[in-house]
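Below: the structure, in structure tokens.
The values are calculated or read from the model by the stated rules, or taken from the named source; none is laboratory data. Remember, it's a predicted structure, so these values are computed and weren't measured experimentally. Here the Cβ is made from the backbone with ideal geometry for all residues, glycine too, and neighbour counts use every protein chain on show. For the accessible areas, the whole protein counts, side chains as well, though only heavy atoms, and no ligand, DNA or RNA atoms are used. Shrake-Rupley method; radii C 1.70, N 1.55, O 1.52, S 1.80 Å.
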Amino acid sequence: MSPARLYLLQRATALILAPLVLVHLGLILIAVEGGLTAAEILGRTRGSVGWAAFYGLFVLAAAIHAPIGLRNVIHEHTSWRGRSLGFATIALGLLLAGLGARAVIAVVAVP
Amino acid sequence: MTAARDERERLSVEVWRGRDEGRFETFAVPHRANQTVLDVVTWIQRHAAPALAYRFACRVGVCGSCAMTVNGRPRWTCRTHVSKVAGADRRLRIEPLRNLPRIKDLAVDLTPFFEKWQRAQGRFTPTRNRADPLAPVSPESPARKAADAGIECINCAVCHAACDVVGWDPDYLGPAALNRAWTLVNDERDGDRRGVLQAAAAGGGCHSCHTHGSCVEHCPVGLNPTAGIAGLKRRSLLDLVGSGLP
Ligand code: SF4
Ligand code: SF4
Ligand code: FES
């Protein structure tokens, strides 16, 4: 992928992530302050298309954003280059997407 | 200040001797009014260390060949007054420029610097010959103004030495080459502006810049390569969606 595309993807996902992270942190505060139990939280998230979309988008954006950033750091600070670095970047993205998807499914799927 | 008093005042000047391996050698140099760092280096070579290697040509801030690291910062030495950099203790530490291979003492090899200009396609592609009439270019057009803002580069490599990304990533083209590319992208007379944009946005190009502005901070002629690089980023993104350049 061209550097311009990677740059665009990283900035676009950053734009998406910024508000999502704030909402996510706000939610944690509200849930903790409000003394919600795990069962009460799951009661609200299970079967909710809204929460599935919210956290699905979050995971997707993070899975694109983080590997590109990490690739840049590796590129700048080590001599690792070329196809193997590209494959490692993709593998990290897939790993994050897979782990994230598992977590999203765990809170939104109806058992 | 009288000349006699000046002569008694001495600067303590540490100068790098050697290549990658080497040491600092300290010289006591007479402090004069309106003395530049290049004057100090020249005094040392003429009076104390005839084998000292360094580079200069114009002595008036035009040729861009005299850049060195002075008290930790890259500077054009012919236009840097000692009084501005030496402090009350009258100490100077003079080293070769960062981020370039050293040759000897204060002289570095600028080959990688100019190779990067070529990789960024930092050269004009003509569309006319001398028989053609002059191209009419409006000095008021936004593109020409953008080109003019970056055109006075003297190729001194001060920004290249000041840029941390150049130090980290040997592939990075660096601020000077990208600044040059930006002037060409905005030059309506250039015959391959799209080629310049693509060269400047390829691997190691404009998208590697961290926008931290060290190049702007140090450029002795007051150019703003960071702004030009931001322009290149913007244009290359527009080019992705097909609204870049002719
Ligand atoms: S703004 Fe970009 S080119 Fe300038 S010093 Fe920083 S990283 Fe280097
Ligand atoms: S942009 Fe400024 S610092 Fe960089 S080479 Fe040109 S004149 Fe020197
Ligand atoms: S000697 Fe020419 S710029 Fe300093």
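A few notes on this one:
Residue by residue, here is whether (1) assigned to a loop (DSSP other than H, G, I, E, B); (2) within 16 Å of ligand 3 (Cβ to nearest atom) holds:
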| site | (1), (2) |
| --- | --- |
| B:149 | no, no |
| B:159 | no, yes |
| B:167 | no, no |
| B:171 | yes, no |
| B:181 | no, no |
| B:203 | yes, no |
| B:216 | no, no |
| B:221 | yes, yes |
| B:230 | no, no |
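- Verdict on residue B:185 being β-branched (Val, Ile, Thr), more than 12 Å from chain A (Cβ to nearest Cβ), open to solvent by 10 Å² or more (accessible area, probe 1.4 Å) and closer than 29 Å to residue A:9 by Cα: no
- The conditions of being farther than 16 Å from residue B:156 by Cα and within 21 Å of the chain's Cα centre (by Cα) are not met by residue B:60.
- Some residue of the stretch B:192-211 being of a type outside the set (S, T, N, Q), away from ligand 1 (no atom under 13 Å from the Cβ), away from chain A (no Cβ under 14 Å) and surrounded by fewer than 21 Cβ atoms within 10 Å (Cβ to Cβ): yes
- Condition broken by residue B:145, with the remaining ones in (1) open to solvent by 70 Å² or more (accessible area, probe 1.4 Å); (2) within 16 Å of ligand 1 (Cβ to nearest atom) satisfied: (2)
- Candidates A:83, A:44 - the one that is at pLDDT below 95 and closer than 24 Å to residue B:236 by Cβ: A:83
- For residue B:163: the one exception among (1) touching a residue at least 12 places away in the same chain (Cβ under 8 Å); (2) more than 11 Å from ligand 1 (Cβ to nearest atom); (3) more than 10 Å from every other protein chain (Cβ to nearest Cβ): (2)
- Output for the stretch B:219-231, where each listed residue is more than 14 Å from every other protein chain (Cβ to nearest Cβ) and open to solvent by less than 40 Å² (accessible area, probe 1.4 Å): B:219, B:220, B:223, B:225, B:226, B:228
- Listed by first and then second residue, the pairs with beta-carbon distance under 8 Å, at least 6 apart or on different chains, first residue in the stretch B:13-27 and among the polar types (S, T, N, Q), second part of a strand (DSSP E or B), are B:26/B:12; B:26/B:13; B:26/B:14; B:26/B:15.
- Residue match in the stretch B:155-174 (condition: surrounded by fewer than 24 Cβ atoms within 10 Å (Cβ to Cβ), near ligand 2 (Cβ under 9 Å from one of its atoms) and modelled with pLDDT of 95 or more): yes
- Segments classed as strands (runs of 3 or more DSSP E), wholly inside the stretch B:8-103, with at least 1 members that are open to solvent by 30 Å² or more (accessible area, probe 1.4 Å): B:10-18, B:22-30, B:73-76, B:91-95
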